[in-house]
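Student: Take a look at this one; I'll ask things after.
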C-alpha cells in the first residue's frame, strides 16, 4: 500500500475536503497520483477498513457519512481509552514530551487571530500523538488514533459554527492543563484527560445539534 497516497486521501476525508456522502472516482484519483488503479485499490481497501469510505461496485467510492449516534458511541469508548492514556502518559512521559506540548501553546496562541481549521486540527492531533507516544504502549496508541479518526470529522463540521475563539481556547486549555500536570507530577492526568474529552463532546454535540435544528 502506498502510505503517502493513503495519508493524503485520509486527510482530505477527515478535514471534509472530501465531503461525507460524496462519490470519489477511482480513475480520477489514479490519474491525480500518477499510479495505476491496482495500488490505489490497496489504499481504498485500507480506508474502507478504517470505516472512512465504502467501495461500491460499478459506482465508485462513497465517503462515509457523519452518523451522529455512531460517533457518540465511539466517544463512549474513547472516554475509557483517554483515561488510560492519561494514566500511562503520567507514568512514562519524559521531559521531552511535556516540552513538546508546551511549545505547541505558542502555535495555539496564533490561531486566535487566524481562523485556520486545518492548523487547529493539526495542533489537536499532534497533542494526542505526543500523549499516545508517552504511554509507551503501541497497541493503545493504534487504538486511540483509530478512534480519534472516527470522531474528528464531527468536530471539523462544527468549527465554522458559533464562536471560533471558544474552539481555540478549548484546545489551548487542554494543552495547558495537561502540561501543568505532566511537569509537576501532581494530579490525576487520567481523570483530567477524561474530563477534557467530556467537555469537548458536550461542546461539539451542542453545536452540531444546534446546526441541525
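The values are calculated or read from the model by the stated rules, or taken from the named source; none is laboratory data. Bear in mind that the values here come from a model prediction, so they are computed numbers and not experimental data. Quick reminder, even Gly has a Cβ in these numbers, built from the backbone with ideal geometry, and neighbours come from all protein chains shown.
Student: From the list 65, 96, 109, pick out the single residue that is surrounded by fewer than 15 Cβ atoms within 10 Å (Cβ to Cβ) and closer than 16 Å to residue 13 by Cβ.
Tutor: 65
Student: Check the stretch 70-91 and report whether any residue there is loosely packed, with under 13 Cβ neighbours inside 10 Å, at pLDDT 90 or above, over 18 Å from the mean Cα position of the chain (by Cα) and more than 25 Å from residue 12 (Cα to Cα).
Tutor: Within the stretch 70-91, one or more residues are loosely packed, with under 13 Cβ neighbours inside 10 Å, at pLDDT 90 or above, over 18 Å from the mean Cα position of the chain (by Cα) and more than 25 Å from residue 12 (Cα to Cα).
Student: Further question: Between 140, 197, 189, 150, which is without any contact (Cβ under 8 Å) to a residue 60 or more places away in the chain, in contact with a helix residue (DSSP H, G or I) (Cβ under 9 Å, 6 or more places away or on another chain) and surrounded by 13 or more Cβ atoms within 10 Å (Cβ to Cβ)?
Tutor: Selected residue: 140, the only one of 140, 197, 189, 150 that is without any contact (Cβ under 8 Å) to a residue 60 or more places away in the chain, in contact with a helix residue (DSSP H, G or I) (Cβ under 9 Å, 6 or more places away or on another chain) and surrounded by 13 or more Cβ atoms within 10 Å (Cβ to Cβ).
Student: A further question on this structure: Just to be sure before I move on: is residue 173 modelled with pLDDT under 95 and surrounded by fewer than 16 Cβ atoms within 10 Å (Cβ to Cβ) in the structure I sent?
Tutor: Judged against the criteria, residue 173 is not a match.
Student: Listed residues 120, 182; which is in contact (Cβ under 8 Å) with a residue 60 or more places away in the chain and out of contact with any strand residue (DSSP E or B) (no Cβ under 7 Å at 6 or more places or on another chain)?
Tutor: From the options 120, 182, the qualifying one is 182.
Student: So residue 18 passes all but one of these: (1) touching a strand residue (DSSP E or B) at 6+ places or on another chain (Cβ under 6 Å); (2) more than 30 Å from residue 133 (Cα to Cα); (3) modelled with pLDDT of 90 or more. Which condition number does it fail?
Tutor: Condition (2) is where residue 18 drops out.
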